[in-house]
Amino acid sequence: MAGNSSLRKANKAKQDEFYTQLADIENELKHYKEHFRDKIVFCNCDDPYESNFFKYFAMNFNYLGLKKLIATCYDSSPVAYTQLSIFGEESGKNYSNYFRRAYKIEISSVQDYNNDGAVDLTDVQLLLQNNKNTLSLLKGDGDFRSEECVKLLKQADVVVTNPPFSLFREYVAQLVEYNKKFLIIGNQNAITYKEIFPLLKDNIMWLGHHSGGQTFQVPFDFEQNNTYISNGVKYAKFGNICWFTNLDTDKRHEEMQFYKKYTPEDYPQYDNYDAIEVSRVTDIPCDYDGLMGVPITFLDKYNPKQFEIVDAINRYSLLDIFNTNEKVRNMKSHTCNINGQAKYFRIIIRRKTNAD
Ligand SMILES: C[S@@+](CC[C@H](N)C(=O)[O-])C[C@H]1O[C@@H](n2cnc3c(N)ncnc32)[C@H](O)[C@@H]1O
């Protein structure tokens with residue numbers, strides 16, 4: 001029914017309303033400083049009055065040596081105008097015209113009051129006292145796919161944000177289409193999407209530093225199990241968050257060490273796929289050169305010089321569905337079965353040898 005489907009859409013969109021904490025942004029961004037000098041950073045799902053991404057880049061504008069910071073916000077959020085202002089209750093008052101519309105902010109200069117590169121920025125208004133910085137209305141609703149936002153995207157060097165999870169596939173596809181550098185937050189499950197996995201497999205993007213639990217600020221009507229209220233602010237804990245990026249970082253060059261030796265008993269073969277099951281990443285056998293199925297947490301440790309990603313399996317081989325879609329979908333058995341028992345989604349990897 002149309003009514004139900006729009007309600008479902010609205011509910012889904014509501015679940016996109018969670019806000020990243022400054023400490024989590026700082027903890028991740030500290031690994032990428034060298035990628036920002038003289039760059040234009042675009043936060044395209046970020047209301048400057050609320051977003052800690054905008055706040056982080058404004059505060060660190062001089063420290064990172066940014067050329068420009070642009071943020072655009074989305075007008076059609078189901079909780080628009082009810083969110084807390086991270087910058088404090090007063091910050092938007094002189095800009096009330098802008099509060100009910102999508103707008104963009106462009107920052108080209110941040111005064112370094114202490115001459116030490118660090119700016120204690122408590123108010124967007126302070127930034128706007130500098131006539132090199134502007135706040136203006138967008139014509140449309142600030143959708144990251146809109147023509148005016150894509151125009152800004154084209155100008156940008158690096159996109160950094162936490163985008164709506166419900167549009168994650170489209171969001172990433174757009175970044176790849178416009179050949180942008182990016183560092184974005186996503187759900188770990190996105191690794192298993194058929195649109196996302198090939199990008200990880202082909203080293204077009206990879207995981208950043210932090211993976212696992214992360215706590216976000218949420219509106220009071222956000223419905224989910226793991227929420228709590230502290231000092232009048234509601235938070236939700238998400239267990240499976242990670243950063244996706246195409247910025248190079250030390251972590252992806254670290255070698256994993258393994259100690260367990262291969263035995264057929266410890267590492268059974270899948271029934272319908274020519275690979276062995278390795279149920280824990282730390283148990284990858286140190287002496288096995290064939291195909292191995294590993295949990296998705298492998299990507300958190302993945303070094304492309306050490307391993308090659310070949311495929312992913314659960315009900316079917318993820319790569320097969322592009323060419324044998326119907327046939328494979330009709331298959332009753334999972335490719336990750338062992339003795340008829342289906343395992344979870346597995347990434348198929350192979351150790352690289354010196355010859356590779
Ligand atoms: C997960 S929240 C994160 C907000 C902010 N980036 C942060 O990290 O605190 C995603 C935001 O994207 C906005 N959004 C939803 N659909 C959008 C779209 N089509 N274009 C741009 N922003 C969108 C939502 O309203 C929401 O505020």
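I need the full set of residues from region 250-277 which are among the hydroxyl-bearing types (S, T, Y) and in contact (Cβ under 8 Å) with a residue 60 or more places away in the chain, in order please.
Within region 250-277, Y270, Y273 meet the criteria.
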**Asked** If you take the residues in region 311-327 that are buried (at least 16 other Cβ atoms within 10 Å of the Cβ) and among the aliphatic types (A, V, I, L, M), which one is modelled with the lowest pLDDT?
**Response** L319
**Asked** Out of (1) outside the structural domain of V281 (by TED's automatic domain parsing); (2) surrounded by 15 or more Cβ atoms within 10 Å (Cβ to Cβ), what's the single condition that is false for Y262?
**Response** (1)
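How about region 35-69: which of its residues are in a helix (DSSP H, G or I), over 20 Å from T249 (Cβ atoms) and touching a strand residue (DSSP E or B) at 6+ places or on another chain (Cβ under 8 Å)? Full working, then the answer.
Just the residues of region 35-69 that are in a helix (DSSP H, G or I), to begin with: 35, 52-59, 61-64.
If we keep only those that are over 20 Å from T249 (Cβ atoms) too, we end up with 52, 54-55, 58-59, 61-62.
Hits for region 35-69 are N52, F54, A58, F61.
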**Asked** Can you name the residue in region 2-27 that is charged (D, E, K, R) and modelled with pLDDT of 95 or more and is also farthest from the ligand (Cβ to nearest atom) among such residues?
**Response** E26
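Working carefully through the options N246, N240, N314, find the one that is over 22 Å from the mean Cα position of the chain (by Cα) and of a type in the set (S, T, N, Q).
N314
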**Message:** Please determine whether any residue of region 261-283 is at positive phi and assigned to a strand (DSSP E or B).
**Reply:** no
**Item:** Residue list for region 159-197, filter: polar (S, T, N, Q) and out of contact with any helix residue (DSSP H, G or I) (no Cβ under 6 Å at 6 or more places or on another chain)
**Value:** N162, Q174, N179, Q188, N189, T192
**Asked** From the residues in region 143-179 that are within 13 Å of the ligand (Cβ to nearest atom) and assigned to a strand (DSSP E or B), which one is surrounded by the most Cβ atoms within 10 Å (Cβ to Cβ)?
**Response** V160
**Prompt:** Can we say K194 is basic (K, R) and touching an Asp or Glu at 6+ places or on another chain (Cβ under 9 Å)?
**Reply:** no
**Request:** Look at D46 and say whether it is buried (at least 18 other Cβ atoms within 10 Å of the Cβ), modelled with pLDDT of 90 or more and among the acidic types (D, E).
**Result:** yes
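What tally of residues in region 180-200 results from selecting those that are among the hydroxyl-bearing types (S, T, Y) and assigned to a helix (DSSP H, G or I)? I'd like the intermediate steps shown before the answer.
Pass one, region 180-200, residues among the hydroxyl-bearing types (S, T, Y): 192-193.
Those still in the list that are assigned to a helix (DSSP H, G or I) too: 192.
Total meeting the criteria: 1.
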**Message:** Exactly one condition in (1) in contact with an Asp or Glu (Cβ under 9 Å, 6 or more places away or on another chain); (2) in the same structural domain as Y19 (by TED's automatic domain parsing) is false for D283; which is it?
**Reply:** (2)
**Asked** So F298 clears everything in (1) assigned to a loop (DSSP other than H, G, I, E, B); (2) buried (at least 16 other Cβ atoms within 10 Å of the Cβ); (3) modelled with pLDDT of 90 or more except one condition, right? Which one?
**Response** (1)
**Message:** Only one of K30, K39 is of a type in the set (K, R), touching a residue at least 24 places away in the same chain (Cβ under 8 Å) and more than 9 Å from the ligand (Cβ to nearest atom). Can you tell me which?
**Reply:** K39
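The values are calculated or read from the model by the stated rules, or taken from the named source; none is laboratory data. Owing to the predicted nature of the structure, the values given are computational and were not obtained by experimental measurement. Counting neighbours? That spans all protein chains shown, and the Cβs are built from the backbone with ideal geometry, glycine included.
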